[in-house]
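Visitor: Please find one structure pasted underneath; my questions will follow.
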Amino acid sequence: MSGPAYRAPLWLPGEHLQTIFPAVVAPRARIDYRRERWQTPDGDFIDVDFAIPEPGGDAPLLVLFHGLEGSSDSHYARTLMAAATARGWRGAVAHFRGCSGEINLRPRAYHSGDSAEVDWILRRFQARHPDSPRFAVGISLGANALLKWLGEQAEAATSVVSAAAGISAPQDLHEGARALARGFNRIYTANFLKSLKRKSLRKLEQFPGLFDRRRMLESTSFFEFDDAVTAPMHGFKGCLDYWRKSSCKQFLRAIHVPTLVLNACNDPFLPARHLARRDQVSSRVELDYPAHGGHVGFVQGRFPGRQNWLVERVCGFLEREAIHAANDRRSLETTDG
């Protein structure tokens, strides 16, 4: 591992404060965006927000996939986009369907295993910026989908992205759902379900009968919501089938792209005992499991804190791997010459 290990500040103890404070209280980085609407192959759309300023030439590109009910306005998105522009990189937040402020058009939404969407988005960026180093970063749900894609694509992904990072991925969706159904964690579940149910009602207005309205409204856990809505809407037999097929942990062994997998051991969304071990991932995967940090937290310094450690850890890894790749190419060209 490059750089110092994460140490939580004394004024921010415990997994819940370390999760909630950066999302709700901590100052957010100021960043301006320029939005593009991309038409999907199936007649829908996604919105992509590009961080301003946008450098020209072959500047590196960082593409961010947000978490459940996240967006370009999420604290981590603003933090990483500000870091990208400060380094002279391009930055882009690709919204999953229905997450950019406007409901999408098709009888579907997004989910933790949506690697086909990740593939389409990243290959479009590849065609648009063929000469730039391209980095992909996923947060929580977006990290799970990205890591799943990296494993599914294996060596083929190396032509699409130069390096990647998955932050706070719920590597085992079943165990994550079990954790979120217990104790204080039910507060997080209730908050997510409030937003998801609101969107689900709008989806039923578009497509009456798409799923069971009563079951959706009565759901109080991800077991119930995913079984009633997410699974049937996206072609799964039920929540257990959805979680089994979509959990990224099983795909980590096949990854060929240099990839950082960063999870706090005290993340309330997934107990540390369910994180992938070194013998369960490929040699191209670097595991970093700090003892503290919460879920997409990693606040550092004096109150009200900052996320410098997260920025330096992720961007430093991506930059280092891009330099290694460039040096390898030069060595190969010299040898061939």
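The values are calculated or read from the model by the stated rules, or taken from the named source; none is laboratory data. All values derive from a computational prediction rather than experimental measurement. Neighbour counts run over all protein chains shown; Cβ positions are idealised from the backbone, glycine included.
Visitor: Looking at (1) surrounded by fewer than 24 Cβ atoms within 10 Å (Cβ to Cβ); (2) modelled with pLDDT of 95 or more; (3) touching a Phe, Trp or Tyr at 6+ places or on another chain (Cβ under 7 Å); (4) polar (S, T, N, Q), which is the only condition Asn263 fails?
Guide: (1)
Visitor: Among the candidates Gln171, Gln126, Gln153, single out the residue that is part of a helix (DSSP H, G or I) and within 23 Å of Asn263 (Cα to Cα).
Guide: Gln153
Visitor: Based on what the data block shows, is Ala83 touching a helix residue (DSSP H, G or I) at 6+ places or on another chain (Cβ under 6 Å) and touching a residue at least 12 places away in the same chain (Cβ under 8 Å)?
Guide: Criteria met by Ala83.
Visitor: Scan region 202-258 residue by residue and report those that are aromatic (Phe, Trp, Tyr), in a helix (DSSP H, G or I) and either touching a residue at least 60 places away in the same chain (Cβ under 8 Å) or on the phi > 0 side of the Ramachandran plot (or both).
Guide: Answer for region 202-258, where residues must be aromatic (Phe, Trp, Tyr), in a helix (DSSP H, G or I) and either touching a residue at least 60 places away in the same chain (Cβ under 8 Å) or on the phi > 0 side of the Ramachandran plot (or both): Tyr242, Trp243, Phe251.
Visitor: Mind counting the residues in region 144-187 that are farther than 19 Å from Ser247 by Cα and among the hydrophobic types (A, V, I, L, M, F, W, C)?
Guide: Residues flagged as farther than 19 Å from Ser247 by Cα and among the hydrophobic types (A, V, I, L, M, F, W, C) within region 144-187 amount to 6.
Visitor: Now a separate question. Could you say whether any residue in region 259-279 is under 29 Å from Leu196 (Cβ atoms), without any contact (Cβ under 8 Å) to a residue 60 or more places away in the chain, not in a loop (DSSP other than H, G, I, E, B) and not assigned by TED's automatic domain parsing to the domain that holds Ala181?
Guide: The answer is yes; a qualifying residue exists.
Visitor: While we're on this one: So if I check each of Ala190, Ala116, which one is under 18 Å from the mean Cα position of the chain (by Cα), within 22 Å of Tyr242 (Cα to Cα), free of Cβ contacts under 8 Å to residues at least 60 places away in the same chain and part of a helix (DSSP H, G or I)?
Guide: Ala116
Visitor: Being surrounded by fewer than 19 Cβ atoms within 10 Å (Cβ to Cβ), within 16 Å of Trp11 (Cβ to Cβ) and of a type in the set (A, V, I, L, M, F, W, C) is the filter here, so list the residues in region 290-312 that pass it.
Guide: Phe303
Visitor: Another question about this same structure. Can you pull out the residues in region 127-171 that are surrounded by fewer than 24 Cβ atoms within 10 Å (Cβ to Cβ) and of a type in the set (Ser, Thr, Tyr)?
Guide: Ser132, Thr158, Ser159, Ser162
Each row is one residue, and each column tells you yes or no for (1) over 24 Å from His295 (Cα atoms); (2) in the same structural domain as Ser282 (by TED's automatic domain parsing).
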| residue | (1), (2) |
| --- | --- |
| Glu152 | yes, yes |
| Glu155 | yes, yes |
| Ala190 | no, no |
| Lys194 | no, no |
| Lys197 | no, no |
| Lys203 | yes, no |
| Pro208 | yes, no |
| Arg214 | yes, no |
| Leu217 | yes, no |
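Visitor: Could you list, in sequence order, the residues of region 172-187 that are more than 22 Å from the chain's Cα centre (by Cα) and without any contact (Cβ under 8 Å) to a residue 12 or more places away in the chain?
Guide: At the first step, the residues of region 172-187 found to be more than 22 Å from the chain's Cα centre (by Cα) are 182-184.
Correct list: Arg182, Gly183.
Visitor: Also, quick follow-up: Name every residue in region 32-72 that is within 19 Å of Arg124 (Cα to Cα), part of a loop (DSSP other than H, G, I, E, B) and of a type in the set (Asp, Glu), in order of residue number.
Guide: Asp42, Asp44, Glu54, Asp58
Residues checked against (1) within 12 Å of Pro107 (Cβ to Cβ); (2) out of contact with any Phe, Trp or Tyr (no Cβ under 8 Å at 6 or more places or on another chain); (3) β-branched (Val, Ile, Thr):
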site	(1), (2), (3)
Asn191	no, yes, no
Gln206	yes, yes, no
Arg214	no, yes, no
Ser219	no, no, no
Phe225	no, yes, no
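Visitor: In region 267-289, what count of residues is obtained for those that are of a type in the set (S, T, N, Q) and either surrounded by 24 or more Cβ atoms within 10 Å (Cβ to Cβ) or touching a Ser or Thr at 6+ places or on another chain (Cβ under 9 Å) (or both)?
Guide: Going through region 267-289, the residues of a type in the set (S, T, N, Q) turn out to be 280, 282-283.
Imposing the further condition that a residue be either surrounded by 24 or more Cβ atoms within 10 Å (Cβ to Cβ) or touching a Ser or Thr at 6+ places or on another chain (Cβ under 9 Å) (or both) reduces the set to 282.
So the answer is 1.
Visitor: Restricting attention to region 119-137, report how many residues are out of contact with any helix residue (DSSP H, G or I) (no Cβ under 8 Å at 6 or more places or on another chain) and in contact (Cβ under 8 Å) with a residue 12 or more places away in the chain.
Guide: Matching residues across region 119-137 total 8.
Visitor: Could you tell me which of the residues Arg202, Arg198 is farther than 30 Å from Glu15 by Cβ, over 16 Å from the mean Cα position of the chain (by Cα) and not aromatic (Phe, Trp, Tyr)?
Guide: Answer to the check: Arg202.
Visitor: Restricting attention to region 19-39, and to residues there that are aliphatic (A, V, I, L, M) and under 23 Å from Pro290 (Cα atoms), which single residue is surrounded by the fewest Cβ atoms within 10 Å (Cβ to Cβ)?
Guide: Going residue by residue through region 19-39, those that are aliphatic (A, V, I, L, M) are 20, 23-26, 29, 31.
Subsequent filtering for residues that are under 23 Å from Pro290 (Cα atoms) retains 20, 23-26.
Values: Ile20: 19, Ala23: 17, Val24: 8, Val25: 13, Ala26: 19.
Looking at the filtered set, the residue picked out is Val24.
Visitor: Among the residues of region 1-46 satisfying the criterion of being among the hydroxyl-bearing types (Ser, Thr, Tyr) and out of contact with any His (no Cβ under 9 Å at 6 or more places or on another chain), which is nearest to Arg106 (Cα to Cα)?
Guide: Restricting to residues being among the hydroxyl-bearing types (Ser, Thr, Tyr) and out of contact with any His (no Cβ under 9 Å at 6 or more places or on another chain), the top hit is Thr40.
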